[in-house]
Structures are given as structure tokens and as C-alpha cells.
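Worksheet for the structure shown next.
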Amino acid sequence: MHHFTSAADVSDLNLLVEKAFAIKQNPFHHKDLGKNKAMCLLFFNPSLRTRLSTQKAALNIGLDTVVMDVGKDAWQLEFEDGMVMNGNKAEHIKEAAAVIAQYYDVIGIRAFAGLENREDDYAEKVMESFKKYAGIPIINLESPTRHPLQSFTDVITIEKFKQTERPKVVLSWAPHPKALPQAVANSFLEWMHLTNYDVVVTHPEGYDLANQFVKDFPVVYDQNEALKEADFVYVKNWSSYQSYGKVLHTDPAWMLTREKMKLTNQAKFMHCLPVRRNVIVADAVIDSEQSIVIPQAANREVAAQVILEEILRN
Amino acid sequence: MHHFTSAADVSDLNLLVEKAFAIKQNPFHHKDLGKNKAMCLLFFNPSLRTRLSTQKAALNIGLDTVVMDVGKDAWQLEFEDGMVMNGNKAEHIKEAAAVIAQYYDVIGIRAFAGLENREDDYAEKVMESFKKYAGIPIINLESPTRHPLQSFTDVITIEKFKQTERPKVVLSWAPHPKALPQAVANSFLEWMHLTNYDVVVTHPEGYDLANQFVKDFPVVYDQNEALKEADFVYVKNWSSYQSYGKVLHTDPAWMLTREKMKLTNQAKFMHCLPVRRNVIVADAVIDSEQSIVIPQAANREVAAQVILEEILRN
Amino acid sequence: MHHFTSAADVSDLNLLVEKAFAIKQNPFHHKDLGKNKAMCLLFFNPSLRTRLSTQKAALNIGLDTVVMDVGKDAWQLEFEDGMVMNGNKAEHIKEAAAVIAQYYDVIGIRAFAGLENREDDYAEKVMESFKKYAGIPIINLESPTRHPLQSFTDVITIEKFKQTERPKVVLSWAPHPKALPQAVANSFLEWMHLTNYDVVVTHPEGYDLANQFVKDFPVVYDQNEALKEADFVYVKNWSSYQSYGKVLHTDPAWMLTREKMKLTNQAKFMHCLPVRRNVIVADAVIDSEQSIVIPQAANREVAAQVILEEILRN
């Protein structure tokens, strides 16, 4: 593995999951792997669990990390060629990426969707430009359209908790007061295509995700119908892809409740966190034994460690 | 020791002081104690010396630290049960605490008093909730009502400099242009109750501290009277507890001057820093040989290291 | 070497350059030099490559670093003696410097020019006060009038790329939309005086740098004239020293273009970065083989490591 920016960077998911299970048993087995190496973590948007889990994963393998919170306004980069840079952009991505690559061995980058211009967001300019100009491995810590460390975490979690060979996994939209990116949902589906799971997507009309991520997964606008016999229910809000970045409605009927969970096959409840209680999911669900959000979050560290090990070994 | 959030977590103060003196002699004696462990430092309010001293203490024992400056606005947590979280609070403390605990071995937390609602501040919601939901050791890096790492530092310092078995220690209020929490003063008194010192509290009327901290210590409204024969003078401003969070007056007559120090038994001058010169204390006092504020500040590292060692050994 | 705040701290530049070349060969040769030691990096102004390169250099020698982004507003320090500190300055430099020195072995400080009061900026109050009151080594990470880690980097880079014993080095002003400090240019000249290079300074009238830095170097107001037969062209904008902090003009004719590079002896193009493309320098120059800005930036890590090693060995 050279970069880790999408599911396309994975050649053998089963092998990665096996490595994750081994790391859970003994996180400090490869304590020397990161010796004399260092990772730069570049946050254009704030991060809590991604930073905490990735830094801990790095510590486990003796890899030093240096964090740079740049903020999307603090350090405005020019991504276009040939521009006369007399405006508010003080550095071109060509220099920015190349310079960091002089000092560090890996760069982790978080840069959210702006949710204003769909074409811009889906072009993945930041991630692709760093890949192009840094010349060293790039790790996606959540980009406008993907969150692959979260998605790998989700697969590890399902593999850990699944009771049947081919579980039914439902990705369900839920209401949220603010406009959120499609990254987690897109990415989850992208990774689900690497599995043999029976995947169903459910959301209100107007919230269809991009075809490149949904592909042939069935989409059901009736949440109750979708939830029937589900083994895992992954709940997540996203803003509209068609009416790009818009919150079309916040219908509380889409919140995941105990009644809806009764339609499932005693499904496990999953969410990437942070989660708004009694908006996305009822207390009675997230506080129940069917909720696996905390072990799921714990797997963020494991997922990051597998990926770091793969990249350092390369 | 499991948590360290107040004097109540101390079972044998003399033993802790002995350990502090041993660490001062050889800070690197337990360099392997923190191996494969990591602490998360969570700052809801900014910190200078607490962060610098705690991170250095952790380095001394090979404990990795990861710092998260969350700011009180950046990451608003919901602390109440059963709320419909459709406002500005994006995460519930239940998930926040549990997730960090998946990655880290200890959590240090700073969260100041809001100084608007006394009941809220004195309920110590942040510290108590993390203790309840994290399930791993919590260290108080200054909370609304206490600053125990500072207070332990203060005891170490007095033990180091005291010339008599039972020194007279005066806690004196001093003026300050802004409203400050009562945490340092409360906490100092709480720890003084663990000693045999002759403690006197002095402040203008209207500045009485909460009974739970003062208990049976004599309170004298006449500063000159209180200072007589003092061996240590600990100066600190706090805003009113009764007229909660208010600055009732900023009378410069309460500033500690050379004349007032003459009333004492060549007392040592102490302050937790930062200190406003010629407002809290005259240059002639803080620049004199009687001032021990710098060795006192140096003991912050020692105090933090003792506590970290106690918690990791547990 | 005790402090590193200007060229005056260098006793033998050739020896430092030799050490830089040795470190480039083997950065991890002195991995134990920083053992049980730690550096505090204090940023009153934001930093990208200075922080990333210095932290990486520290990692190379096993020196722990703790970063404090204080912002010039977040932590206002009083530098004058005898003040009644009842305004917005919460701590005196006397305490601030002495306290950090209790915990750390070296302090690195960045504090830019305010560009409002020349006398204040050129007094180097922050750097000089920390030297005076900390009592431990201070490293300048860019101060109002100097940026010695950059200048040392520049010398290493010229030594690496020079083809003749005594290259012609031209420092040329270039336009920029915002007012920038004179620090990089001043410091570059200060270090050039430690070499035997043939140095020429060129800029529009009104942009003369302070005499203490230019000394006997020839100043030419005709850029084309200056560039003739140059082996290295170091381009940098600075605001006016005479009309202090003012942008007198932004004449695009001063941008470094391919045509101008033809006047040189196939000169290498240097810049400290970040650089505004097609404002400071044309794409055709910075993207050409004559541009050495990336290896120059890479030498920031090497320069920082040499200085840290010198200081720790002392």
C-alpha cells in the first residue's frame, strides 16, 4: 500500500481485517516499525477522535507524529496552475506538499467538503494534489467525499460482531439540524462493495447518494421496509447530493427508535460518532446492549495502526 | 490512587511529599513506568504552566501525551440525560468520555468556572461526568472549584522551605481587575486541612469562601492582623462566592507590600502565577529573597510526576 | 554555543556547515544527545515550516518538544519594569521566562515584527528579555529583525550548490501585496558577512535595509544591472525600513522572470518560502531546473539539527 485515500487502495480486505484482529491482541508487537520515522498530521478542519486514535496508533508502533492545525482560513493554498498569486492565497500546493515531504515520511490530511460547489468537493483537489506533489504516502483523515479510516473501522467492527456469514447491513439516513458532508456514507458504501454483505440503503427522497458509491445496492425510501431482518443498522445523516449541501428536511420520524429496532434481527446499532441523541438515535437504542458504538470507536485506533503498518512496510 | 480530582483522593500526604523530594533528586528514575501508555490532555480552557509542567512530568516517566485544545465553544458537550440534542451541543459526555478512554490510559482535564451560575460551577459537572463515563483515571488540571496539582505543589514548597514544625500560613486575598475563580484558594485550603499548619485566611468582607473549604480555619478581615508572625504568605485574588463571580472592589490597600511583609516572621511569599505585579504584589516583595514563586512553579513538574506515577502504578 | 539568536552567536561558520553536511548523510547519528531533555517551542506568531523542520530535527536527536501556540493576543506579556499591571497584560516576562526555564532545557521563540514602531521592533525585546530572564539557551525561530535558522539554511544551500570558490550572490527585492518584515533579508545579509561571497543587494529606492545589516555590501537600484553574472539569486519581499512597515509600491517589473535569469550565470533561484507565484517569481523560473527552493527548504531541518546539537553539547 502506497497511499490510503479510498477503498481503491485496498488490495486484500480480508488480510487487513486479519491484521486488525492481531493488533487488537497485541498493539505493541511492532514497536520498532516507526523508528526514526515521523508522520505529519495536517488538519484543515478540526478533529477529535481521528486525531486521538491516529496519534495513539502511531505511538503503538514508535512512529512520531507532529500535528499542524492549519484551519481552512489560516493557510490558504493555491491549487490552480499559472495563477498570479496576489490575493489571499499565500502558498501554492506545489511548494507546500513538497516541503512537508522533505521532513516527514507520511502525511495525514483532513479537509472537509465545503458543501457549496459539488464539482469542487467531488474533485478531491486537496487529497489528489498532495498525492501528486508530495511524493510520499498520503493518508486520508476525512476528505470531502470519503472517510476511509472510518469505513475500514466499520468493516472490522462488523466482522467482529457478525453472527452469520452474510449479514444484512442497512445504511439509514437520519435527521440532523445542520448540513453534513456525504463522506462517511459514501465511503461506507464504497467499502461495503469490497464485502459480500447484503447491503440496503434507506433515506428520504432527495437524499440519494452519488451513483459511483451506491452502484447496485438497493435503495429503499421506506425505512421500516429496509430495516426488516437487518443484522446491522448503520445510521448517519448527510446533506443532499442532488440539491447539493442542502438540508431538505429534518423529519423526526427517521430517528432510529426501539420500535424500529424491533423490525430487525436484533440488529447491532452503529454510528461513527459524534452522535446527537434523540435526534439521530433514541437513548433507548444507543444505551441498549445492541449498541456497539463504543467498540466501533475503539476500532479507529486499530484501523489506523493497520494502515500505518502497511504504509511503513512498503 | 485511582483519580486525582481533589484532596479527597489523597490517602497519605506525607508519603506523597517524600516521593516528591525523591523525584526532585532524580526525575528520570522511573523512565519506563509510562512505557506503552499514553495520556490525553483535554483543555476546555487555555493553559500555559499546567500544560508545560504536566507534559514534562510525563516525559520524565516515558509516558506519551496527546494534547487536545477544545475550547469551551469548539466542542460543546451535553451533560444532561434524555435531552433532544438539536441545539449547539454536538456530542454527549457519555460517548465523549467513553471514546477517549478507548485510546488512552489517563485523561487530564482543564475546565474553568463559568462564574455565572454558582450551583453549576460547584457541581463540578465536567470532572464528575468524566469520572463516571470514562472508566479510566481522571486528573484535574483545574476545575471550577479546585486546582489540586497546584495545591499539592504548594504543600511540597512549604515543606521544602519551612523552618519550624508548624509554620503559620496566611492565605490573603489581593485585588485584581478581572473576575477570577475561587478554585486556587478553595483548593489550597482543602489541602491545608491535610496538614498541621497554623492557617489563617484574610480577605475583605464579601469575599468569604465556601464553608466546605474554610471549615474551622480562622478568617480575619484585617490583613495586617492576619499577617503578624506569618511564616508563609500565599496571595491570590478570587471573585466573590456570595455575590457569585462579582468583583466587589479592587482596593489597592490589599496589595502585598514590603511594609506588610515587615509584620511577618520574615515570611516567604508564594503565588501560583501568573501574577500582576504592583496590583497583587509589589515589585519589592516578588523581587526580594523572600519570594519563592519560581521554586514554587518548578514544583508543578514534581507534583504532576508524583501523581502520574501513583496513578500508573495503580 | 549558548544562545542562537543572530549571526553573532556563530564562532566558526565553516565548522557548522561541515556538521550540516555530516548530518545530511546520517541524521540519526546522535540519537541519544537529547535523552532526558526537552525543548519548549513558543509561537507568538504562526509557523509552518519552522515548526515542522525544528520538531523533526529534535526527533532526530531524541530531544522531546512541547509546542505552545500563544498568539500575540492570547498571552500578553509585560516587558517594562515597575509597571502597575492592571491592564491587559497578565504576566511579566520575568516570571514567564523563569518558569518555562524550570521545566525545559531549551526555548525556541517566534515573535514577528509588529511593523508599527521601528524602534520597538529593532530593540528585539522578546528575544533579549527571554535571554535575560530564562537563564537557559534561547533559539530564535524568527524575530522582528532576524531569522537565523533560515539564514544558516541559506548558507548550507549555497555551499552545497556553489560551483566556484567565491560565487556572486544577489539579494533582490520583489513585489508582494502585503507588508512583510525585513527579518529574512536582514538576517541573510548578516550571515553573508560571515562568508567570502561577492554579495550585491538590489531593490527599488525607498527599500534600503538598515545599515547595521547592509554595511559595505553594494546596493544597486537597477535590478538588471545587479543580476549580471549572478551565481545565486535570492529573492524576497520586505516592507520599507525608512517609511517603516509601508508598502511603497508593488511594481510587477521587479518580479523575477526567465528573461532576467538570462542575465545571470545560470544562477540558482532561492527563496525562503512561502512564495507567491507570478508575483515574486514567474512559474517558468521556480519550475525550472535552476530553482533550488525545495532542497533549500529541506536544509531547514539540517540547520535546526546542527544548532540543537551545538546547544545541547554545550
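The values are calculated or read from the model by the stated rules, or taken from the named source; none is laboratory data. Only a predicted model underlies this, so the values are computations on that prediction, with no experimental measurement involved. Positions of Cβ are generated from backbone atoms using ideal geometry, with glycine treated the same way; all protein chains shown enter the neighbour counts. Only protein heavy atoms, including side chains, enter the accessible area calculation; ligands, DNA and RNA are left aside. Shrake-Rupley method; radii C 1.70, N 1.55, O 1.52, S 1.80 Å.
Points to keep in mind about this one:
- So A:GLU80, is it in contact (Cβ under 8 Å) with a residue 12 or more places away in the chain, over 30 Å from A:VAL293 (Cα atoms), open to solvent by 10 Å² or more (accessible area, probe 1.4 Å) and not in a helix (DSSP H, G or I): no
- Residues within the range C:194-218 that are over 20 Å from C:LYS246 (Cα atoms) and surrounded by 15 or more Cβ atoms within 10 Å (Cβ to Cβ), tallied: 7
- Which listed residue is within 29 Å of C:SER291 (Cβ to Cβ) and surrounded by fewer than 22 Cβ atoms within 10 Å (Cβ to Cβ), from C:ALA183, C:ALA179, C:ALA123: C:ALA179
- Of residues in the range B:69-87 being of a type in the set (A, V, I, L, M, F, W, C) and under 26 Å from the mean Cα position of the chain (by Cα), the one farthest from the other protein chains (Cβ to nearest Cβ): B:PHE79
- When residues of the range C:6-56 are limited to those that are hydroxyl-bearing (Ser, Thr, Tyr) and closer than 25 Å to B:LEU48 by Cα, the one surrounded by the most Cβ atoms within 10 Å (Cβ to Cβ): C:THR54
- Exactly one residue out of B:GLU116, B:GLU124, B:GLU142 is out of contact with any strand residue (DSSP E or B) (no Cβ under 6 Å at 6 or more places or on another chain), away from chain A (no Cβ under 14 Å) and on the phi > 0 side of the Ramachandran plot, and it is B:GLU124.
- Restricting attention to the range A:104-120, the residues being over 21 Å from the mean Cα position of the chain (by Cα) and either surrounded by fewer than 23 Cβ atoms within 10 Å (Cβ to Cβ) or over 27 Å from A:GLU301 (Cα atoms) (or both) number 1.
- Hits in the range A:88-108 (condition: more than 8 Å from chain C (Cβ to nearest Cβ) and either in a strand (DSSP E or B) or small (Gly, Ala, Ser) (or both)): A:ALA97, A:ALA101, A:VAL106, A:ILE107, A:GLY108
- Residue list for the range C:126-136, restricted to those being in a helix (DSSP H, G or I) and open to solvent by 20 Å² or more (accessible area, probe 1.4 Å): C:VAL126, C:GLU128, C:LYS131, C:LYS132, C:TYR133
- Breaking point among (1) closer than 21 Å to A:TYR104 by Cα; (2) open to solvent by 10 Å² or more (accessible area, probe 1.4 Å); (3) among the hydrophobic types (A, V, I, L, M, F, W, C); (4) in contact (Cβ under 8 Å) with a residue 40 or more places away in the chain, for C:VAL279: (1)
- Restricting the search to helices (runs of 4 or more DSSP H) fully inside the range A:239-314 and requiring at least 2 residues that are facing chain B (nearest Cβ under 10 Å) gives A:283-286, A:293-313.
- Hits in the range A:215-241 (condition: without any contact (Cβ under 8 Å) to a residue 40 or more places away in the chain and within 27 Å of A:ARG277 (Cα to Cα)): A:VAL219, A:VAL220, A:TYR221, A:ASP222, A:ASN224, A:GLU225, A:LYS228, A:SER240
- Among (1) open to solvent by 20 Å² or more (accessible area, probe 1.4 Å); (2) at pLDDT 95 or above; (3) touching a Lys or Arg at 6+ places or on another chain (Cβ under 7 Å); (4) closer than 30 Å to C:HIS176 by Cβ, the one test that A:HIS3 misses: (4)
- Meets criteria (of a type in the set (Gly, Ala, Ser) and touching a Ser or Thr at 6+ places or on another chain (Cβ under 9 Å)) for B:SER47: yes
- Of all residues making up the range C:13-52, the number that are more than 11 Å from every other protein chain (Cβ to nearest Cβ), polar (S, T, N, Q) and over 26 Å from A:ASP73 (Cα atoms): 2
- Test for A:VAL66: is it facing chain C (nearest Cβ under 10 Å), open to solvent by less than 10 Å² (accessible area, probe 1.4 Å) and either under 23 Å from the mean Cα position of the chain (by Cα) or closer than 30 Å to A:PHE28 by Cα (or both): yes
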